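Structure record follows, encoded as structure tokens.
Every read-out reported here was derived from the displayed coordinates using simple, explicitly stated rules and does not represent laboratory data. Quantities reported herein were computed from a predicted structural model and do not represent experimental measurements. Neighbour counts run over all protein chains shown; Cβ positions are idealised from the backbone, glycine included.
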Amino acid sequence: MYKPMSLVPSGEPGATVITTRVDDVLNWGRANSLWYMLFGLACCAIEMMQTGGPRADLDRFGAVPRPTPRQSDLMLVAGTLTYKMAIRTKLLYEQMTEPKFVIAMGSCATCGGLFSPGYSVLKGVDKIIPVDVYLPGCPPRPEALTEALIHVQRQIKRSRPLRQKHEDTKIIT
Amino acid sequence: MERLADYIVYNLPFLQQIPRVIVDLIIMLFFATCMLLFWVALFAGITSWVERRVAGRIQSRIGPNRVGPQGFLQWIADGLKCFLKEDFVPAAADKKLFLLAPYIVFAGMFAVFVVVPFGDGLIISNLNIGIFYVLAISSLVVVGILMSGWSSNNKWSLLGGMRSAAQIVSYEIPVSLAILPVILLTGSLGMQDIIRAQGPYPWQWFAFHNPFTFIAFFIFFIGALAEGNRTPFDIPEAESELVAGYNTEYSGMRFVFFFFAEWANLYIIAALTVTLFLGGWNTPAHLYTNLFGLLHRSVDVAGTFVFILKSLFLVFVIIWIRWTLPRLRVDQMMDVCWKYFVPFSFANIVGTIIWMVLADAAPVLGYVRYILFVVGLMVPLAIAMKITRNFRLAKSEIHLNPFI
């Protein structure tokens, strides 16, 4: 099994060399500094705020809210997505700079959830933008959102950004 | 710096073959690079981590603690990520201005370091117009911010840029006027001269010299906060009103340049306050230690230590203020500047002049500084008592260890 960083004994006695890959160093930086966009849609956004607050504290993982899409890496689609808002969400996603990741938070964002019979509700945010992690729950607890963030970090750490072609910058796992 | 160049040229004879101008240029470029890499960059980066940890403690959170020991490497991770981010220029932006603006902001900040002293003899260039140079060159930041706001072609950026320009231009007046009493007392604009005119003990500092400099100290510190766009005056990038102010459209490394300048600016604010009002690198004479006899008697290690310690404490106070106070409204901020600071700082200048004349006639006035020192001591004491009282009322424990 591949280890991101390994200690290899060098020729001299008592000395070891740390080996790693450039990919892993870059991934380490990207995974530990996921700035998420301050963007909430419905009741899940309340849980999202809670996750940024003192109890769950996303800042521990290096994730801080950024108000502008240009500087954010992670979009938390938190809540019911109506058709009217879906256009804006897609615009916001397109305004984010690469590399960007998406967590579909809650049942509504993953599949429409409780409001899916509604005439104005988009049945899942993956109909308009690619989603990296689906997070079930109505709404998910802050612990669950933290877990989702850790999953995104894992996905980033598994990726090989230097080997990717320019077209498929999106990470597929 | 000139002395250092002399020293190097004297000890390395082959340099004497090359024209002196080129040698000076190379030496200065070398030290500017060292300064940028080993002081400004490190300071700005580590301060970003410190600020997030302090903010965490103030908001009863933890703050970054996953990367490296206690999250210490967080700033490297952030830098690495921003370096890899897409470098984005909006289609409708004025491309040349957009690309140039971060560098102008950065240059305006970094050029101030030319006259920021670090100790006795440790200054890049001891200009005889030191503090005037700071006021002049730091105005470049306004140009950069206005440029970034205008060229982004975005209403939030433009509003942020205009607000920032209005704020910095307004607050430059009380800040400059608050520096004048110090210049009157010193009779010089040079940074080292201003420090030499003070003494090692707190009652010899300019902050406690007379009632007028005491007020000028507060005006200068608050005005400098406003010039550095720090809370409670961070309305140019108020998240709840403007998206992110003038840097809304910037991504990746260009955005980092703005924040780099902001965090390095923290040190500049602190170092200038220490230089002008809090005694600079003055230490009692028997503590004078030079660096292993190097550079003969030009580098005072204890003084450098004291100077940086005072500056870092002030940086902590600025961070503390940022995470404690709410943001002012635009009109409130302008009120504070034009209705209170400007008249008071004018009165300070006149007051200082009268004080200097009177102090020549009546030496008794020299004792006022001890009274002011006691008054000044009351402020931190009152804050400490208030904090302990709040802790007692909230029935919570005080964790002095910053690492959880």
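With r as the distance between the Cβ atoms of residue A:50 and residue B:329 and R0 = 35 Å, compute the FRET efficiency 1/(1 + (r/R0)^6) and round to 0.05.
Values: r = 28 Å, r/R0 = 0.81.
Using R0 = 35 Å, I get an efficiency of 0.80.
So for each of A:61-74, B:28-41, B:378-391 I average, over its residues, the number of other beta carbons within 10 Å; can you give me the resulting order with the highest mean first? Can you show the working numbers first?
On the way: A:61-74: 23.4, B:28-41: 13.8, B:378-391: 10.5.
Per-residue mean Cβ counts within 10 Å order the peptides as A:61-74, B:28-41, B:378-391.
Give me the inter-chain shielding for B:48-61: mean count of other chain Cβ atoms within 10 Å, whole number please. Please list the in-between numbers first.
Numbers: counts 0, 0, 0, 0, 3, 1, 0, 2, 4, 0, 0, 4, 4, 9.
Mean number of neighbouring Cβ atoms from other chains: 2.
Straight-line reach from residue B:81: which lysines have Cα under 20 Å away, leaving out those fewer than 8 places along the same chain?
Residue B:81 reaches A:100, A:157, A:165, A:170.
Taking θ as phi - 60°, what are the ³J(HN,Hα) couplings along the range B:38-55 by the Karplus curve (6.51, -1.76, 1.60), each to the nearest whole Hz, with x for Gly and Pro?
Working through the residues one at a time gives 9, 10, 5, 5, 4, 4, 4, x, 5, 5, 5, 5, 4, 4, 5, 5, 5, 4 Hz.
Between the range B:66-125 and the range B:327-404, what's the alpha-carbon centroid distance in Å?
Each part reduced to its Cα centre gives a spacing of 32 Å.
Kindly provide the helix-only [θ] at 222 nm of the protein assembly as shown, computed as the sum of -39,500 (n - 2.57) over DSSP H runs of four or more divided by all residues, to the nearest 500 deg cm²/dmol?
Details: 20 runs with 302 residues, N = 577.
Calculated mean residue ellipticity at 222 nm is -17000 deg cm²/dmol.
What's the extension gain from residue A:120 to residue A:162 if we count 0.36 nm per residue and subtract their Cα-Cα distance? List each step's numbers first, then the result.
Details: separation 42, 0.36 × 42 = 15.12 nm, distance 4.15 nm.
Between residue A:120 and residue A:162, full extension yields 11.0 nm more.
Residues with beta-carbon under 12 Å from that of residue B:45, excluding residue B:45: net charge, scoring Lys, Arg +1 and Asp, Glu -1? List each step's numbers first, then the result.
Numbers: positive: B:52; negative: B:51, B:78.
Overall, the nearby charge balance is -1.
Please turn the phi angles of the range A:43-59 into ³J(HN,Hα) values with the Karplus equation 6.51 cos²θ - 1.76 cosθ + 1.60 (θ = phi - 60°), one per residue in order, whole Hz, x for glycine and proline.
4, 4, 4, 5, 5, 5, 4, 4, 5, x, x, x, 6, 9, 6, 5, 4
What's the average, rounded to a whole number, of partner chain beta-carbon atoms within 10 Å of each residue's beta-carbon in A:25-38? Please report the intermediate quantities before stating the final value.
Values: counts 3, 4, 3, 6, 11, 6, 4, 12, 13, 2, 4, 0, 0, 4.
If you average over the peptide's residues, the count of other-chain Cβ atoms is 5.
With r as the distance between the Cβ atoms of residue B:72 and residue B:360 and R0 = 56 Å, compute the FRET efficiency 1/(1 + (r/R0)^6) and round to 0.05. Walk me through the numbers before you get to the answer.
Details: r = 54 Å, r/R0 = 0.96.
FRET efficiency, residue B:360 to residue B:72: 0.55.
What does the charge add up to near residue B:61, with Lys and Arg as +1, Asp and Glu as -1, over the other residues with Cβ less than 11 Å from its Cβ?
Values: positive: A:55, A:60, B:52, B:53, B:57; negative: A:57, A:59.
That sum, taken over residues with Cβ under 11 Å, equals +3.
Check residue A:97: other-chain or 5+ apart residues with amide H under 5 Å from its amide H, H built from backbone geometry?
Answer set, sorted by chain and number: A:72.
For peptide B:62-69, how many partner chain Cβ atoms fall within 10 Å of a residue's Cβ, on average?
Mean shielding by partner chains, rounded to a whole number: 5.
Where in the range B:242-281 is the amide nitrogen less than 14 Å from a point lying 7 Å along the Cα-to-Cβ axis of residue A:25?
none
Separation between the residue B:374 and residue A:83 pseudo-spin-labels, each 7 Å from Cα along Cα→Cβ, expressed in nm?
Simple spin-label model gives 7.8 nm for this pair.
Describe numerically, in nm with one decimal, the distance between label points set 7 Å from Cα along Cα→Cβ at residue A:128 and at residue B:350.
6.3
With a 10 Å radius around each residue's Cβ, average the other Cβ atoms per peptide and rank B:21-27, B:96-102, B:352-358, highest first. Before the final figure, lay out each step's value.
Values: B:21-27: 13.3, B:96-102: 18.6, B:352-358: 15.1.
Ranking the peptides B:21-27, B:96-102, B:352-358 by packing returns B:96-102, B:352-358, B:21-27.
Starting from 0.36 nm per residue, how many nanometres of slack lie between residue B:91 and residue B:153 once their C-alpha separation is accounted for? The partial results should precede the final answer.
Details: separation 62, 0.36 × 62 = 22.32 nm, distance 0.93 nm.
The residue B:91-residue B:153 span can extend by a further 21.4 nm.
What's the tally of Lys pairs in the range B:85-355 whose alpha-carbon atoms lie under 28 angstrom apart, where the two lysines are 8 or more places apart or on different chains?
Numbers: B:85/B:95; B:85/B:96; B:85/B:155; B:95/B:155; B:96/B:155.
Taking the Cα cut-off of 28 Å, the pair count is 5.
Along the Cα→Cβ direction, 7 angstrom out, place labels at residue B:241 and residue B:57. What is the inter-label distance in nm?
A separation of 3.1 nm, rounded to one decimal place.
Please list A:142-149, B:132-139 highest first by mean number of surrounding beta-carbon atoms within 10 Å per residue. Spell out each step's value before the answer.
On the way: A:142-149: 19.4, B:132-139: 17.8.
In decreasing order of mean packing, A:142-149, B:132-139 become A:142-149, B:132-139.
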